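These notes concern the structure reproduced below.
Rule-based calculations on the coordinates, nothing more; no lab input. Please read all numbers here as calculations on a predicted model, not as lab measurements. Don't worry about glycine lacking a Cβ; one is built from the backbone with ideal geometry, like all the others, and counts go over all protein chains shown.
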Amino acid sequence: MSSYQKATFLLSVANLTQLPPDEGTEIAFIGRSNAGKSSVINTLTHNKNLARVSKTPGRTQFINLFTLDKTKRLADLPGYGYARVPAEVREQWTDRMEAYFQERECLKGLILVMDIRHPLQEFDQNILEGSSQCELPVHILLNKADKLTPNQIRQTEQLVKKGLEPYGKLVSFQTFSALKKDGVKKLEHVLDQWFSIK
């Protein structure tokens, strides 16, 4: 049993002042509202009920925190890029995320979930820019790889590799399928490395 299967819900917060003390190690999951972020978290933790999977994208408006043990947490950040959310709410979300990236010292890395069929959208680029300014490592999951052929996957990987060149070693990526549970071990390896950072 991996430590990720021990994940338990800690709390939901509407703003950063409600977060638990800034200590230990936190790793956050972020992604466009339809990229399958909740499904990725549930696949990683072997708990299909841990992160809420909604048929209506953009439902996660809070930061949801899960504990692995006394010092390690996963954070599920609100889905972004959802068209029906008013511009004012989107701006508040952006400000909140920027503050979270910059001020949260226990945050050691960001898992950025993308739909492999629509990688590196404008919102994704904004997240990469923001995390790069904070020198926050990002690992991209090209989720829903089961929707493409092996040849299409190779083409997308080449495209993404080229698109990530400006970010250097701060950003890595892999293909993933929450549906088929492909790529879990590689994701665990990245998380293990980040959680070992002192």
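Of note:
- Whichever aspartates and glutamates have a C-alpha closer than 20 Å to that of residue 185, once near sequence neighbours (fewer than 8 apart) are set aside: 26, 69, 76, 115, 146, 157
- Pairs beyond 28 Å (Cα-Cα), from 48/169; 70/144; 147/186; 6/198; 72/186; 70/180: 48/169; 70/144; 70/180
- Kirkwood-based shape ratio for region 3-195, expressed as Rg/Rh from alpha carbons: 0.93
- Considering only beta bridges that DSSP places wholly inside the chain, some 30 percent are antiparallel.
- Förster-model FRET efficiency, 41 Å R0, residue 92 and residue 46, C-beta, rounded to 0.05: 0.75
- Difference of contour (0.36 nm per residue) and Cα-Cα distance, residue 185 to residue 151: 10.0 nm
- Highest average packing first - 110-117, 183-190, 130-137, 147-154, Cβ atoms within 10 Å: 110-117, 130-137, 183-190, 147-154
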